[in-house]
Amino acid sequence: MSRIDRLRALLAGKADCALVTDDINRRYLTGMKSSAGYVLVFPEEAYLIIDFRYIEKAHEIVKTCTVLQQEPGVLRQLGSLMRRHGAKTCALESMSLTLQRADTFRKIEGVEFLTDNTLSQALYDLRTVKEPEEIVRIKAAQQIAEEALERLLQTLHAGMTEREVAIELDFNMRRLGAEDLSFETIALTGAHTSMPHGVPDDRVIEPDSFVLMDFGAVVEGYHSDMTRTVCVGTPTEEMREIYHIVRTAQNAGLAAARPGITGRELDAAARDIIRDAGYGDAFGHSLGHGVGLEIHEYPVAAPSRTQILAPGNVVTIEPGIYLPGKFGIRIEDFVQINENGCENLTKIPNTLICV
Ligand code: ZN
Ligand code: ZN
């Protein structure tokens with residue numbers, strides 16, 4: 001079944017048609033990357049309506065729906081398709097559409113536009129379960145990120161700035177074929193490492209200190225996500241001890257990741273170890289999130305989440321301990337849930353790397 005067919009199945013009985021305008025959802029349904037366009041899905045037919053800039057490429061690659069060139073009066077074009085297919089209700093994407101755009105669509109007469117959660121949720125639910133071809137891309141992105149880190153580690157040394165580390169990782173990923181970076185690379189050192197999402201600046205790596213790097217590559221739209229905290233020089237006993245706790249917590253999370261577990265239970269598997277070691281307050285973020293066409297997707301592994309993990313989900317396992325004024329440690333892998341448990345998509349070990 002195509003993605004559009006699966007969307008139809010989720011919307012059956014809820015709306016006569018669906019209008020998808022979100023760039024990522026549109027790309028997910030059609031394979032076509034563009035900064036504008038509409039996917040209009042009826043039970044018997046689906047259309048990609050896209051403007052002149054993209055039309056040639058769309059005709060070439062889009063196989064799952066009928067490609068139409070966008071006309072100057074797109075509202076009229078959408079309205080006439082809706083009339084032709086006898087649609088009286090149309091689902092819109094509540095999670096990404098602006099209020100202004102929803103109002104614009106409402107100018108189409110004879111159709112009721114639905115802005116409840118139905119369409120956005122259906123699309124997120126579909127995107128949460130990755131197909132093998134999506135996993136291939138995620139793995140390719142991760143391979144680039146790991147190679148980029150390995151190259152960096154050959155030259156990482158005291159005296160480099162955070163910014164230099166970030167630029168080096170970015171350059172390596174681009175050089176190795178990343179079409180984009182998953183997000184702005186985080187590279188922090190010394191006391192900065194206690195800020196989970198700190199921004200790299202001109203701080204210099206001191207001897208015998210941590211460098212925390214959180215980064216990822218994008219391949220054909222799909223993201224990777226990894227964090228490693230490495231030591232430049234020799235770690236103190238305390239640095240080793242805290243690293244060991246975070247690693248033990250991550251190993252527990254990796255061992256717990258399997259179909260049927262809730263986001264809350266997965267989070268707890270790792271969090272309990274950090275709490276029992278006396279650092280519960282120093283782990284102030286959730287354990288993990290889904291990764292795919294966006295860097296943050298469903299499912300989420302957090303104390304409040306009851307969603308059940310299923311085969312095909314991709315989720316990060318990223319516990320951390322952050323000690324303000326001292327240092328912080330986060331280790332992040334990501335896994336694909338499968339029938340038996342999970343496959344770790346991160347191949348670089350989580351042992352403490354010292355260079
Ligand atoms: Zn990350
Ligand atoms: Zn992450």
So if we plug the beta-carbon distance of Asn117 and Thr155 into 1/(1 + (r/R0)^6) with R0 = 45 Å, what FRET efficiency do we get, rounded to 0.05?
-> 0.40
Does region 3-128 come out rounded, prolate or oblate by the C-alpha gyration tensor, with a ≥ b ≥ c the root eigenvalues, rounded set by a/c under 1.5 and, if not, prolate when a/b is larger than b/c and oblate if not?
-> rounded
If the chain between Asp208 and Asn344 were fully stretched, how many nm would it gain, using 0.36 nm times the residue separation less the Cα-Cα distance?
-> 46.0 nm
In whole Hz, what ³J(HN,Hα) sequence does region 162-170 give by Karplus (6.51, -1.76, 1.60; θ = phi - 60°), x for Gly and Pro?
-> 4, 4, 5, 5, 5, 4, 4, 4, 4
Karplus-derived 3J(HN,Hα) from phi for region 219-226 (6.51 cos²θ - 1.76 cosθ + 1.60, θ = phi - 60°), whole Hz, x at Gly and Pro, runs 10, 6, x, 9, 9, 10, 7, 8
What are the extents of the Cα atoms of region 152-300 along their three principal axes, listed from largest to smallest and rounded to whole Å?
-> 44, 43, 22
Whole number in Å², please: accessible area per residue of region 1-61, 1.4 Å probe, ligands, DNA and RNA not counted.
-> 45
Relative contact order computed over region 132-344 (Cα-Cα under 8 Å; 6+ residues apart), in percent | 21
Taking the chain and counting helices only, DSSP H stretches of n ≥ 4 at -39,500 (n - 2.57) each over all residues, the nearest-500 ellipticity at 222 nm comes to -11000 deg cm²/dmol
Within the accessible area of the chain (1.4 Å probe), percent carbon and sulfur = 51
Full extension from Thr98 to Gln69: what is 0.36 nm times the residue separation minus their Cα-Cα distance, to one decimal in nm?
-> 8.1 nm
Taking only C-alpha pairs under 8 Å that are 6+ residues apart, what is the relative contact order of the chain in percent?
-> 14
1/(1 + (r/R0)^6) with r = Cβ-Cβ of Thr351 and Lys33, R0 = 41 Å, i.e. FRET efficiency to nearest 0.05, evaluates to 0.60
Loop-located GluC sites (Glu not before Pro) in region 28-66, at most 11 other Cβ atoms within 10 Å (DSSP) = Glu44
Extension length gain for Asp5 and Leu176 (0.36 nm per residue less Cα distance), in nm, is 58.0 nm
The answer for Thr89, listing residues at least 5 apart or on another chain whose modeled amide H is closer than 5 Å to its amide H, is Asp16, Cys17, Glu112
In degrees from 0 to 90, rounded to the nearest 10, what is the angle of the helix 52-61 Cα long axis to the longest principal axis of the chain?
-> 80
Taking the Cα centre of the chain as the origin, how large is its charge dipole in debye, to the nearest 20, when only Lys and Arg (+1) and Asp and Glu (-1) carry charge on their Cβ atoms?
-> 1000
Residues whose placed amide H lies under 5 Å from that of His289, excluding near-sequence neighbours | Ala301, Thr316
Phi-based couplings in Hz for region 182-192 (Karplus 6.51, -1.76, 1.60; Gly and Pro marked x) | 4, 5, 5, 4, 9, 9, 10, 9, x, 5, 4
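The values are calculated or read from the model by the stated rules, or taken from the named source; none is laboratory data. Here the structure is a predicted model, which is why all the values come from computation and not from measurement. Glycine also receives a Cβ, built like all others from the backbone with ideal geometry; neighbour counts cover every protein chain displayed. For the accessible areas, the whole protein counts, side chains as well, though only heavy atoms, and no ligand, DNA or RNA atoms are used. Shrake-Rupley method; radii C 1.70, N 1.55, O 1.52, S 1.80 Å.
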